[in-house]
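These notes concern the structure reproduced below.
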Amino acid sequence: FEQLNSIDENVRIDAKRASGIDKSIMETVCAFANEPGLGGGYLLLGAVRTGFQNGLPVYVPENIEDPDKIQNDVITQCSSMFNVRIRPQIEPELYPAAFRSLFCP
């Protein structure tokens, strides 16, 4: 979140809410997998844009109700919906409530 809030989304990092794995999330996975020379990217699920500060969007973490289901859905869709099976590296992170209040405008 520090990097996201300091430089915003770019070709290597994208932020999405994670109430479910929708078309937008899978389009991002596809883009990361197909961009020549990129070697992937970072997709932060559970990130919400709350406003702007110093000309940059401010993102805060949002609680994901069922993180195991979200992870399984991403893995299942990555292995079945593309021509080539994609194996994402998923690393769940916990953020304390103090972090959320730090970035709220």
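The values are calculated or read from the model by the stated rules, or taken from the named source; none is laboratory data. Quick caveat, the model's predicted, so the values are computed rather than measured. Note that we place each Cβ from the backbone using ideal geometry, even for glycine, and neighbour counts take in every protein chain shown. All accessible areas refer to the heavy atoms of the entire protein, side chains included, with ligands and DNA or RNA removed. Shrake-Rupley method; radii C 1.70, N 1.55, O 1.52, S 1.80 Å.
Dividing the convex hull volume of the alpha carbon atoms of the chain by its residue count, what do you get in Å³ per residue?
Working: hull volume 10.7 nm³, N = 105.
Roughly 102 Å³ of hull volume per residue.
Could you pull out every residue, at least 5 positions away or on a different chain, whose amide H is within less than 5 Å of the one on Tyr42? Hs are placed 1.01 Å off N in the peptide plane, and Pro or chain starts have none.
Correct list: Ile13, Asp14.
Name the long-range amide H neighbours of Val58: under 5 Å, sequence gap of 5 or more, or other chain; modelled H, no Pro or chain starts.
So Val58 has HN proximity to Thr50, Gly51, Phe52, Gln53.
With every protein chain present, what is the per residue accessible area of the chain (1.4 Å probe, Å²)?
About 68 Å² of surface per residue is accessible.
Work out the length of the dipole vector of the chain about its Cα centre, built from +1 on the beta-carbon of each Lys and Arg and -1 on the beta-carbon of each Asp and Glu, and round it to the nearest 20 debye. Numbers along the way, then the final one.
Working: 9 positive and 14 negative charges, 25 e Å.
In debye, rounded to 20, the chain gives about 120.
In square angstrom, rounded to the nearest 10, how much accessible surface does Met26 have for a 1.4 Å probe?
10
Which of Glu65, Glu93, Glu35 moves the most in a Gaussian network model of the chain with Cα springs under 10 Å?
Per the Cα network of the chain with a 10 Å cutoff, Glu93 tops the list.
Build a GNM of the chain with springs between Cα atoms under 10 Å: which of Leu43, Leu56, Leu94 gets the top mean-square fluctuation?
Of Leu43, Leu56, Leu94, the Gaussian network model singles out Leu94 as fluctuating most.
Specify the residue with the greatest mean-square fluctuation among Val58, Val11, Val84, computed from a Gaussian network of the chain linking alpha-carbon atoms under 10 Å apart.
Fluctuation is largest for Val84.
Among Lys16, Lys69, Lys23, what's the order by accessible area (1.4 angstrom probe), most exposed first? Walk me through the intermediate numbers first.
On the way: Lys16 45, Lys69 110, Lys23 150 Å².
Putting Lys16, Lys69, Lys23 in descending order of accessible area: Lys23, Lys69, Lys16.
Give me the extension gain from Glu62 to Ser24: residue separation times 0.36 nm, minus the current Cα-Cα distance, reported in nm with one decimal.
Details: separation 38, 0.36 × 38 = 13.68 nm, distance 1.76 nm.
So the chain would gain 11.9 nm between Glu62 and Ser24.
Over the chain, with every protein chain in place, what whole percent of the accessible area is carbon and sulfur at 1.4 Å, could you tell me?
Working: 3600 of 7170 Å².
Ligands and nucleic acids excluded, carbon and sulfur give 50 percent.
Against the longest principal axis of the chain, how steep is helix 67-80, in degrees 0 to 90 to the nearest 10, with axes from Cα atoms?
Its long axis makes an angle of about 40 degrees.
Let me check I've understood the local charge: for Leu4, count other residues with C-beta under 10 angstrom from its C-beta, Lys and Arg +1, Asp and Glu -1. What total comes out? Mind showing how you got there, number by number?
Values: positive: Arg49; negative: Glu2, Asp8, Glu9, Asp14.
Computed value for this residue: -3.
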